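Asker: Shown below is the structure under consideration.
The values are calculated or read from the model by the stated rules, or taken from the named source; none is laboratory data. What you are looking at is a predicted structure, and each value in this text was computed from that prediction instead of being measured. Cβ: placed from backbone, ideal geometry, glycine included. Neighbour counts: every protein chain shown.
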Amino acid sequence: MDNLYKEEDLTSNLPKPFSQTYFHGTKADLKIGDYIQIGFKSNYENRKLKHVYVTATLNTAILGAELASGNGMERIYLVEATGAIEDDPNVTDKKFPGNPTMSYRSEHPFKVVGEVKIWQGRTPEQIKDIKNGLEKLSKQGENIILD
(Lines give C-alpha, C1' and ligand atoms only; values in the text may rest on other atoms or scores of the structure.)
Protein backbone atom coordinates (compact mmCIF):
# COMPACT_ATOMS: atom_id res chain seq x y z
CA MET A 1 0.00 0.00 0.00
CA ASP A 2 1.29 3.47 -0.89
CA ASN A 3 1.85 6.01 1.87
CA LEU A 4 -0.77 8.72 1.76
CA TYR A 5 1.69 11.32 3.03
CA LYS A 6 5.26 12.15 2.22
CA GLU A 7 7.58 12.26 5.20
CA GLU A 8 8.05 16.05 4.88
CA ASP A 9 4.25 16.50 5.02
CA LEU A 10 4.21 14.76 8.41
CA THR A 11 6.84 17.09 9.90
CA SER A 12 6.09 20.39 8.15
CA ASN A 13 3.55 21.51 10.77
CA LEU A 14 5.63 20.58 13.81
CA PRO A 15 6.95 23.52 15.80
CA LYS A 16 10.53 24.46 15.02
CA PRO A 17 12.93 25.11 17.92
CA PHE A 18 13.83 28.71 18.61
CA SER A 19 17.36 29.82 17.88
CA GLN A 20 19.33 31.12 20.83
CA THR A 21 18.94 34.87 20.91
CA TYR A 22 21.35 37.34 22.43
CA PHE A 23 21.22 41.04 23.23
CA HIS A 24 23.36 43.78 21.68
CA GLY A 25 23.36 47.24 23.26
CA THR A 26 24.32 50.14 20.99
CA LYS A 27 23.35 53.56 19.68
CA ALA A 28 23.26 52.34 16.08
CA ASP A 29 19.88 52.61 14.34
CA LEU A 30 19.28 49.14 12.89
CA LYS A 31 16.31 47.35 11.39
CA ILE A 32 15.10 43.78 11.72
CA GLY A 33 17.02 41.72 9.19
CA ASP A 34 20.17 43.88 9.40
CA TYR A 35 23.45 42.27 10.38
CA ILE A 36 25.83 43.50 13.06
CA GLN A 37 29.25 42.62 11.75
CA ILE A 38 32.93 43.33 12.03
CA GLY A 39 34.52 46.11 10.03
CA PHE A 40 32.71 48.98 11.72
CA LYS A 41 33.98 51.28 14.45
CA SER A 42 33.54 49.92 17.97
CA ASN A 43 30.86 51.26 20.32
CA TYR A 44 33.59 52.05 22.83
CA GLU A 45 36.87 52.70 21.05
CA ASN A 46 37.79 54.67 17.97
CA ARG A 47 38.92 51.57 16.09
CA LYS A 48 37.49 48.66 14.17
CA LEU A 49 37.33 45.41 16.13
CA LYS A 50 37.74 41.84 14.89
CA HIS A 51 34.70 40.61 16.84
CA VAL A 52 31.07 41.48 17.46
CA TYR A 53 30.15 41.44 21.15
CA VAL A 54 26.80 40.28 22.57
CA THR A 55 25.32 39.09 25.86
CA ALA A 56 22.57 36.77 27.01
CA THR A 57 21.55 39.14 29.85
CA LEU A 58 19.45 42.25 29.38
CA ASN A 59 21.27 44.14 32.16
CA THR A 60 24.64 43.76 30.43
CA ALA A 61 23.14 44.87 27.10
CA ILE A 62 21.62 47.92 28.78
CA LEU A 63 25.04 48.88 30.12
CA GLY A 64 26.50 48.41 26.63
CA ALA A 65 23.93 50.80 25.18
CA GLU A 66 24.47 53.31 27.97
CA LEU A 67 28.24 53.33 27.49
CA ALA A 68 28.20 53.33 23.69
CA SER A 69 29.74 56.39 22.07
CA GLY A 70 27.77 58.66 19.79
CA ASN A 71 24.69 60.81 20.07
CA GLY A 72 22.07 58.33 18.89
CA MET A 73 19.30 56.81 20.95
CA GLU A 74 20.31 53.92 23.20
CA ARG A 75 18.97 50.68 21.73
CA ILE A 76 18.87 47.03 22.69
CA TYR A 77 18.58 44.54 19.84
CA LEU A 78 17.76 40.85 19.93
CA VAL A 79 20.21 39.07 17.67
CA GLU A 80 20.96 35.56 16.45
CA ALA A 81 24.43 34.21 15.74
CA THR A 82 25.28 33.21 12.17
CA GLY A 83 28.45 31.35 13.14
CA ALA A 84 30.52 30.14 16.05
CA ILE A 85 30.63 32.22 19.25
CA GLU A 86 33.01 32.19 22.20
CA ASP A 87 33.11 33.63 25.72
CA ASP A 88 34.20 37.27 25.79
CA PRO A 89 37.69 37.20 27.33
CA ASN A 90 37.41 40.87 28.30
CA VAL A 91 35.08 39.95 31.16
CA THR A 92 35.50 36.22 31.65
CA ASP A 93 39.30 36.18 31.88
CA LYS A 94 39.88 39.55 33.51
CA LYS A 95 36.92 40.42 35.72
CA PHE A 96 34.35 37.66 36.14
CA PRO A 97 35.70 34.09 35.85
CA GLY A 98 33.01 31.67 34.75
CA ASN A 99 31.16 34.22 32.58
CA PRO A 100 28.32 35.28 34.96
CA THR A 101 27.61 38.23 32.63
CA MET A 102 26.97 35.71 29.84
CA SER A 103 29.04 37.84 27.46
CA TYR A 104 30.16 36.44 24.12
CA ARG A 105 31.85 37.43 20.89
CA SER A 106 32.11 36.20 17.32
CA GLU A 107 33.95 36.96 14.11
CA HIS A 108 30.67 36.17 12.34
CA PRO A 109 27.73 38.55 11.97
CA PHE A 110 24.69 38.57 14.23
CA LYS A 111 21.29 39.00 12.60
CA VAL A 112 18.90 41.51 14.18
CA VAL A 113 15.62 39.70 14.89
CA GLY A 114 13.95 42.17 17.25
CA GLU A 115 14.34 45.17 19.50
CA VAL A 116 13.65 45.57 23.21
CA LYS A 117 11.65 48.77 23.37
CA ILE A 118 10.94 48.99 27.11
CA TRP A 119 13.80 48.72 29.59
CA GLN A 120 15.04 50.53 32.68
CA GLY A 121 18.50 52.04 32.56
CA ARG A 122 20.76 53.48 35.19
CA THR A 123 20.59 57.02 36.54
CA PRO A 124 22.78 59.71 34.94
CA GLU A 125 24.84 59.76 38.16
CA GLN A 126 25.45 56.00 37.97
CA ILE A 127 26.54 56.26 34.33
CA LYS A 128 28.86 59.15 35.18
CA ASP A 129 30.46 57.10 37.98
CA ILE A 130 30.93 54.10 35.66
CA LYS A 131 32.47 56.27 32.92
CA ASN A 132 34.78 57.94 35.46
CA GLY A 133 35.90 54.51 36.66
CA LEU A 134 36.56 53.37 33.08
CA GLU A 135 38.50 56.57 32.36
CA LYS A 136 40.64 55.95 35.45
CA LEU A 137 41.34 52.39 34.25
CA SER A 138 42.24 53.75 30.80
CA LYS A 139 44.78 56.15 32.30
CA GLN A 140 46.30 53.19 34.16
CA GLY A 141 46.40 51.19 30.93
CA GLU A 142 43.91 48.64 32.23
CA ASN A 143 40.81 49.38 30.13
CA ILE A 144 41.87 47.63 26.94
CA ILE A 145 39.58 45.54 24.74
CA LEU A 146 41.23 42.20 24.02
CA ASP A 147 40.19 41.68 20.43
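Asker: Tell me which residues, restricted to segment 100-123, are part of a strand (DSSP E or B) and either of a type in the set (G, A, S) or within 13 Å of L78 (Cβ to Cβ) (or both). Talk me through it step by step, then tell me what you get.
Answerer: Of all residues in segment 100-123, those part of a strand (DSSP E or B) come to 103-106, 110-116.
Hits for segment 100-123 are S103, S106, F110, K111, V112, V113, G114, E115, V116.
Asker: Then there's this: Residue under question is L30, and the condition is that it be over 18 Å from the mean Cα position of the chain (by Cα) and either at pLDDT below 65 or in a loop (DSSP other than H, G, I, E, B) (or both); does it hold?
Answerer: No.
The rows are residues; the columns are (1) without any contact (Cβ under 8 Å) to a residue 40 or more places away in the chain; (2) not β-branched (V, I, T).
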position	(1), (2)
T60	no, no
E74	no, yes
V116	no, no
T123	yes, no
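Asker: Moving on. Kindly provide the set of residues from segment 61-81 that are within 19 Å of K31 (Cα to Cα) and surrounded by fewer than 16 Cβ atoms within 10 Å (Cβ to Cβ), ordered by number.
Answerer: G70, N71, G72, M73
Asker: Looking at (1) at pLDDT below 90; (2) touching a Pro at 6+ places or on another chain (Cβ under 7 Å), find the lone condition where L49 falls short.
Answerer: (2)
Asker: Would you please name the residue that is modelled with the highest pLDDT, looking only at residues in segment 124-143 that are part of a loop (DSSP other than H, G, I, E, B) and loosely packed, with under 11 Cβ neighbours inside 10 Å? Break it down into steps so the answer makes sense when it comes.
Answerer: Step one: of segment 124-143, the residues part of a loop (DSSP other than H, G, I, E, B) are 140-143.
Still in the list and also loosely packed, with under 11 Cβ neighbours inside 10 Å: 140-142.
On the way: Q140: 80, G141: 72, E142: 65.
Residue satisfying both the conditions and the ranking: Q140.
Asker: Here is a further query. Could you count how many residues in segment 83-99 are exposed (fewer than 15 other Cβ atoms within 10 Å of the Cβ) and either modelled with pLDDT of 80 or more or of a type in the set (V, I, T) (or both)?
Answerer: Going residue by residue through segment 83-99, those that are exposed (fewer than 15 other Cβ atoms within 10 Å of the Cβ) are 83-84, 86, 93-98.
Keeping just the survivors that are either modelled with pLDDT of 80 or more or of a type in the set (V, I, T) (or both) gives 83-84, 86.
Summing the residues that are exposed (fewer than 15 other Cβ atoms within 10 Å of the Cβ) and either modelled with pLDDT of 80 or more or of a type in the set (V, I, T) (or both) in segment 83-99 gives 3.
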